[in-house]
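Below: one structure, written as C-alpha cells.
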Amino acid sequence: MLCEKILCNLKELADSGDKKIDYVDFEWDEAFKKIHKKTSRAGVEVGLRLEDSVLTQGIRTGDVFYMDEEQILAASILPCKVIEVHVREDHPHMVAKVCYEIGNRHATLLWGEGENTFITPYTQPLMELLQKLHGVEAVEKNIVLDFDKRISASVNSHTH
C-alpha cells in the first residue's frame, strides 16, 4: 500500500464506526521524514511518500494515511526515553543555561507540563551535565513526545 498524504487525525473523526484501525509505529525521530517503508501492526506493508508539510509539522499519533468503508490506517508515535528537566523557582536564571546547553548539543527541546519544565530526548552525557547544574532537577522518563510543544525549530536525532 502506498500513501502520499495525511488525510486527517483520528481526533477529527466524529465516529469511526465499526472500522478496524490498524497502526503504523514510528520512533520519535522518524516523525519529520517524508519517506518511509513500514509494516503495520496487522502486517500490512506500507510505503509512505508524504508531502513537504511533514518536514515542519511532523507525523502525530492518530494521523490517518488511509481510510475506506472497512478500515483506517493511522500513525502511532512510540514512547521514548527522555530527560525531564525542571528549573526550581528559586533559580529562574538557570532556564537560559538549561536551554543553552540543550541547544548547544543540537538536541530537540520541548515544553514540559509545568512552568520551567522542559523535555529533551535522553542521552547519558546530557543527563550527567544537567544533573550537575545548581537549581536544576533532571529525571529520566519514558513518554510519547508531543511535537505541538516543541521549542526547537526542527526535530532531529542529531547528537555530538
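Listed values, structure above:
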item: Additional length obtainable on full extension of the chain from residue 95 to residue 111, 0.36 nm per residue less Cα span; result: 4.6 nm
item: Accessible carbon and sulfur surface of the range 1-46 relative to its total accessible area, %, 1.4 Å; result: 47 percent
item: Net charge, residue 73 excluded, C-beta distance under 13 Å - Lys, Arg +1, Asp, Glu -1; result: -2
item: The range 1-148: relative contact order as a whole-number percent, Cα under 8 Å and 6+ apart; result: 24 percent
item: Point-charge dipole on Cβ atoms (K/R +1, D/E -1) for the range 40-152, about Cα centre, debye to 20; result: 500 debye
item: Solvent exposure of the chain as accessible area per residue, Å², 1.4 Å probe; result: 58 Å²
item: Residue-level accessible surface for residue 60, protein heavy atoms, 1.4 Å, Å²; result: 60 Å²
item: Spin-label zone in the range 54-90 - amide nitrogen under 11 Å from a point set 7 Å from the Cα of residue 148 along the C-beta vector; result: 61
item: Full-stretch length increase - residue 104, residue 1 - with 0.36 nm per residue and alpha-carbon distance subtracted; result: 33.0 nm
item: The range 76-117: GluC sites (Glu not before Pro) in DSSP loop, at most 12 other beta carbons within 10 Å; result: 89, 113, 115
item: Cβ-Cβ FRET estimate between residue 80 and residue 14, R0 fixed at 41 Å, reported to 0.05; result: 0.85
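The values are calculated or read from the model by the stated rules, or taken from the named source; none is laboratory data. The structure presented is a predicted model; accordingly, all values stated were derived computationally and were not measured. For neighbour counting, all protein chains shown are included, and Cβ atoms are generated from backbone atoms with ideal geometry for every residue, glycine included. With ligands, DNA and RNA removed, areas are computed over all heavy atoms of the protein, side chains included. Shrake-Rupley method; radii C 1.70, N 1.55, O 1.52, S 1.80 Å.
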